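Contents: one structure, followed by commentary.
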Amino acid sequence: MVTSQSMPHGPWDVEYFKANGLYFHLVEVTEIAPGSARVHVKDRGEMLMFGSYSYLGLIGHPAINAAAHAAIEAFGTGTNGVRLLAGTLPLHNELEASIAAFKGAEAAIAFASGYIANISTIAALLDRHDTVICDKLDHASIVDGCLLSGAKMVRFRHNDLEQLEERLEKADARHRKMVIVDGVYSMDGDIADLPGIKALCTQHDALLMVDEAHSLGVLGATGTGIEEHFGLPADTIDIKMGTFSKAIPSVGGFVAGSAEMVTALKHKARGFIYSAALPPASAAASIAGLQVIREEPERVRSLQHTFGHFLTTLKAAGFDVLSSQAAIAPIICGTPELATRLMMHCVDHGVFVQAILPPVVPAGLARLRATVTANHTIEDIDHAVDVMTAGARKLGIL
Ligand SMILES: Cc1ncc(COP(=O)(O)O)c(C=O)c1O
């Protein structure tokens, strides 16, 4: 019998987490200041936020808040259950039409989160005869969806098209092949080579799915995402996945594409069939968020400009930021200890930024992961880089 005494780190590994610097401290943000990159943090006071996914700075936007309030007044806080039974509200249909229009797709389906969108969609569209080919840095929810689908899962080195081609050549041509990549990679901030990947998918008759969690609102002149960024037509990607929890300040996930594929998901995706509908306030906030992105494109431009300044300034200071291009800057420190100490230096100087450690990132590449939003000013960026530079010099990172 296995007992807690016979286990090296206790029954649930908590002691192991504590001993290896893997123990999470969930920091409480106690107050936000809409329109600003500053937040209040419990026991710390005001801090400059460099760890937010709200890329367009839309949390607390008055029109989005008003839409959420109105939805609660009209429909309350919950739904009558799953969408297939009594859970569908006009807001859900409107949200799906809005995201389909935003992504230039025939149709869309909304899920309770981006995580659920990925696992449910991949598991619904593929079976054990099929092959799914993923970039090594794909998000955990993609990996989990592939495992759940039972399809043969193979991976290729990050953004390495030669290896992708080899994988496609070896895949069983009698069954479905699907390539899945992230639009912008969440730990490295680089962009998938969509034109090259699409060409290979066409050549090898493979479906293409792209997770746009970090590219919606971030890439393209009007923020519609990776197809716009590369000037490719809106039907380049077969399965367009994204979330309502990042640039759009709400919660939920979506998949957009052909009407037939979306109808199939409404019949087969277990996260749609067996999980409750999005709450009215969340659906309304997402609809309003999409409208604000359309009406305030200057936010997208501002994010792109400010992030460009952040990267240039970090590089000029001597930091290694890998191949980052959009919204997320990895600031390489090396060991977990150095990354944690640089994070603490930043936190002590009022800059909220997170350290990302192995196994989430490869050994030797422990880092700070800093995100920029449309609310940051050039002064905010310069101040944060000054703080990071001083800390990195003290620690011998620079
Ligand atoms: C690339 C990527 N895909 C999917 C998700 C999951 O989205 P959600 O937080 O809406 O569940 C995340 C979340 O961080 C993500 O980074």
Worksheet item: Does residue 95 satisfy the criteria of being at pLDDT 95 or above and assigned to a helix (DSSP H, G or I)?
Response: yes
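Evaluate the following for residue 55: is it touching a Gly at 6+ places or on another chain (Cβ under 9 Å), closer than 28 Å to residue 308 by Cβ and surrounded by 13 or more Cβ atoms within 10 Å (Cβ to Cβ)?
On the way: touching a Gly at 6+ places or on another chain (Cβ under 9 Å): yes; closer than 28 Å to residue 308 by Cβ: yes; surrounded by 13 or more Cβ atoms within 10 Å (Cβ to Cβ): yes.
The answer is yes for residue 55.
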Worksheet, complete the sentence: Every listed condition ((1) hydrophobic (A, V, I, L, M, F, W, C); (2) surrounded by fewer than 24 Cβ atoms within 10 Å (Cβ to Cβ); (3) in a loop (DSSP other than H, G, I, E, B)) holds for residue 219 save (2)
Discussion item. Can you confirm whether residue 204 is surrounded by fewer than 23 Cβ atoms within 10 Å (Cβ to Cβ) and free of Cβ contacts under 8 Å to residues at least 12 places away in the same chain?
Written reply: no
Worksheet item: Any idea which residue in segment 28-51 is surrounded by the most Cβ atoms within 10 Å (Cβ to Cβ), counting only those that are assigned to a loop (DSSP other than H, G, I, E, B) and touching a residue at least 60 places away in the same chain (Cβ under 8 Å)?
Response: 50
Worksheet item: Among the numbered criteria (1) touching a residue at least 40 places away in the same chain (Cβ under 8 Å); (2) touching a Gly at 6+ places or on another chain (Cβ under 8 Å), which single criterion is violated by residue 125?
Response: (2)
Worksheet item: Can we say residue 104 is within 30 Å of residue 387 (Cβ to Cβ), of a type in the set (Gly, Ala, Ser) and either touching a strand residue (DSSP E or B) at 6+ places or on another chain (Cβ under 6 Å) or surrounded by 16 or more Cβ atoms within 10 Å (Cβ to Cβ) (or both)?
Response: no
Practice prompt. Identify, from the list 236, 224, 202, the residue that is of a type in the set (Ser, Thr, Tyr), outside any loop (DSSP other than H, G, I, E, B) and at negative phi.
Written response: 202
Item to complete: Please determine, by comparing only the residues of segment 230-256 that are within 11 Å of the ligand (Cβ to nearest atom) and either surrounded by fewer than 22 Cβ atoms within 10 Å (Cβ to Cβ) or among the charged types (D, E, K, R) (or both), which one is farthest from residue 94 (Cα to Cα).
Response: 246
Discussion item. Given the criterion over 29 Å from residue 382 (Cβ atoms) and surrounded by fewer than 22 Cβ atoms within 10 Å (Cβ to Cβ), identify the matching residue among 283, 288, 259.
Written reply: 259
Discussion item. Please determine whether any residue of segment 348-364 is buried (at least 22 other Cβ atoms within 10 Å of the Cβ), over 13 Å from residue 330 (Cβ atoms) and of a type in the set (A, V, I, L, M, F, W, C).
Written reply: yes
Worksheet item: Can you tell me which residues in segment 70-87 are in a helix (DSSP H, G or I), of a type in the set (Gly, Ala, Ser) and farther than 17 Å from residue 116 by Cβ?
Response: 70, 71, 74, 86
Worksheet item: Which ranges mark the strands (runs of 3 or more DSSP E) fully within segment 126-185 that have 3 or more residues being in contact with a Phe, Trp or Tyr (Cβ under 7 Å, 6 or more places away or on another chain), within 16 Å of the ligand (Cβ to nearest atom) and at negative phi?
Response: none
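Consider residue 315 carefully, then state whether it is in contact (Cβ under 8 Å) with a residue 24 or more places away in the chain, more than 20 Å from residue 90 (Cβ to Cβ) and surrounded by fewer than 23 Cβ atoms within 10 Å (Cβ to Cβ). So that I can check it myself, show each step before the final result.
On the way: in contact (Cβ under 8 Å) with a residue 24 or more places away in the chain: no; more than 20 Å from residue 90 (Cβ to Cβ): yes; surrounded by fewer than 23 Cβ atoms within 10 Å (Cβ to Cβ): yes.
In short, no.
The values are calculated or read from the model by the stated rules, or taken from the named source; none is laboratory data. Remember, it's a predicted structure, so these values are computed and weren't measured experimentally. When we count neighbours, we look across all protein chains shown, and the Cβ atoms used for this are built from the backbone with ideal geometry, even at glycine.
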